[in-house]
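Following: one structure in structure tokens, then a few remarks.
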Amino acid sequence: MSSMLSSVLFFGLLTAAVEFLLLYKFMPLRWLRKKPVQAALHFGVAALNLLIHWGTIVGTMTAITALFVSFITVPTVIAALTFTHSWRRPNGTPR
């Protein structure tokens, strides 16, 4: 039981890291701030994990965990991108 739980938590952490990197690198901040885009991202992460791990208990638990982790990852990416943009251009002035 504990190995199953540790597998789920490990894959949840791995999913969060990959999601963070992909969103940070390829998703514009103006899109990430839109609620429908955020909902599509959450649903897409859960659906992709369910598709990949279909039919296993650990896979189903990982997909649900990925959905919950996505609720934390997306606002974290928004905060990181907002910080990066404001650091590069304080007061709206170009650097």
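A simple rule links phi to the HN-Hα coupling: the Karplus curve 6.51 cos²θ - 1.76 cosθ + 1.60 with θ = phi - 60°, which for segment 35-45 gives 4, x, 5, 4, 5, 5, 5, 4, 5, x, 5 Hz, with x for Gly and Pro. Relative to the Cα centre, the charge distribution of the chain, modelled as +1 at Lys and Arg Cβ and -1 at Asp and Glu Cβ, gives a dipole magnitude of about 620 debye. Positive end of the dipole of the chain, charges at C-beta (+1 Lys, Arg; -1 Asp, Glu), about the Cα centre: which of ILE64, HIS53, THR76 has its Cα farthest in that direction? Farthest along the dipole direction, towards plus: THR76.
Using a 1.4 angstrom probe, figure out how much accessible area the chain has per residue, in square angstrom, rounded to the nearest whole. Walk me through the numbers before you get to the answer.
Numbers: 6660 Å² over 95 residues.
With all protein chains present, the chain gives 70 Å² per residue.
Between [x] -0.47, -0.52, -0.68, -1.03; [y] -0.38, -0.44, -0.62, -1.04; [z] -0.39, -0.45, -0.67, -1.10, which matches log10 I(q)/I(0) by the Debye sum over Cα atoms at q = 0.11, 0.12, 0.15, 0.22 Å⁻¹ calculated for the structure shown? Read-out taken from this structure: [y]. Surface composition of the chain: carbon and sulfur atoms hold 75% of the protein heavy-atom accessible area at a 1.4 Å probe. Taking every DSSP helix (H) stretch of at least 4 residues in the chain, weighting each as -39,500 (n - 2.57) and dividing the sum by the residue count yields a mean residue ellipticity at 222 nm of -28500 deg cm²/dmol.
With a cut-off of at most 15 other beta carbons within 10 Å, and DSSP calling the residue loop, which chymotrypsin sites (Phe, Trp or Tyr not before Pro) in segment 33-86 qualify? Please list them. Sparse-neighbourhood loop chymotrypsin sites (Phe, Trp or Tyr not before Pro): TRP54.
The values are calculated or read from the model by the stated rules, or taken from the named source; none is laboratory data. These numbers come from a predicted model, not from an experiment. With ideal geometry, Cβ positions are generated from the backbone for all residues, glycine too; neighbour counts draw on all protein chains shown. Side chains included, ligands, DNA and RNA excluded: accessible areas come from the protein's heavy atoms. Shrake-Rupley method; radii C 1.70, N 1.55, O 1.52, S 1.80 Å.
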